[in-house]
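Participant: Dumping the structure here so I can ask a few things about it.
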Amino acid sequence: MTPRPTATGQSPSTLMHAMQVLQITAACGYRGASIEDYLDALELSRPTIYRLLKGLKDQGFLRAAPVRGRYLLGYELLVMGSQAGNGAGLRDLTRPRLLSLAQRFGDSFYLFAADGLNAVCLEVQNGEYPVGSFVRATGGRVPLGVGQASIALLAYLGDEERASILKRNAERLQHEYHISLDDIAMEIDHLRSVGYARGVEGSHLPEYTGLAIPILDHGGHPLGAMSCSMLKSRMTETHKHSVLQGMHEEVRELVQQAHGLLYIE
């Protein structure tokens, strides 16, 4: 694909304002964002906003909505997003494996990666018994510390990095999810002991449970986590053992398929 020509001489503030325009557009959802939405949210003049809108539309990052005068996110973001979630080919390698697990066991299987203070869902495949989740779809985010995939990711970060993330997330974890840092520390110890994460049971989704294992690079740093969610009533010891065995097999084969790009203990 031939890259579109880029403008030169753009200031950091212009870039920041362009990103804000995209965020406002995303927040307006399927109805699209109007010029009034941008004016209400940004301390910019109408001509400046129109220049930003034109530039973003020319680059494919915005498109016209069916309703005249409104804007939707452009398809170029979808193209870029598919690559953003595919570091080292991880998403492409994992997708068929999640589908195989979902068809085999009937539960919901996910690929997560750490992104700043959050865990972001890069892929999800549902089986015969799909369940609710902290994330609704690919691209959904939760604070690191929420869910079993977060535990698998946090456990293999450096001590300072993990402590910094949890310190910054602590108030939100407690207030929104009723999850304490002590609970998270206990679950990290559990993962290191038995090789899989269970997650911390908070106030959300009490009828569901799950399992997760990390996907590590050569240095033991987490590239991602493979996760499974299911109804608690389905989490028998036999089913848990079978699902974990299947997940570990898929991750081992994924690592081999990556020709040395990935590493798992």
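The values are calculated or read from the model by the stated rules, or taken from the named source; none is laboratory data. These numbers come from a predicted model, not from an experiment. Cβ coordinates were reconstructed from backbone atoms using ideal geometry, including for glycine residues, and neighbour counts include every protein chain displayed.
Participant: Which residue out of MET247, MET235 is in the same structural domain as ARG95 (by the TED database), out of contact with any Cys (no Cβ under 9 Å at 6 or more places or on another chain) and either of a type in the set (Ser, Thr, Tyr) or within 20 Å of TYR110 (Cβ to Cβ) (or both)?
Facilitator: Residue meeting the stated conditions: MET235.
Participant: Would you confirm, using the coordinates I've provided, whether GLY195 is touching a strand residue (DSSP E or B) at 6+ places or on another chain (Cβ under 8 Å) and either buried (at least 20 other Cβ atoms within 10 Å of the Cβ) or among the β-branched types (Val, Ile, Thr) (or both)?
Facilitator: Judged against the criteria, GLY195 is not a match.
Participant: Give me the residue from region 66-78 that is among the aliphatic types (A, V, I, L, M) and at pLDDT 90 or above and, out of that set, nearest to the chain's Cα centre (by Cα).
Facilitator: LEU73
Participant: Tally up the residues in region 29-49 that are within 20 Å of PRO66 (Cβ to Cβ) and either touching a residue at least 12 places away in the same chain (Cβ under 8 Å) or in a loop (DSSP other than H, G, I, E, B) (or both), please.
Facilitator: Number of matching residues: 8.
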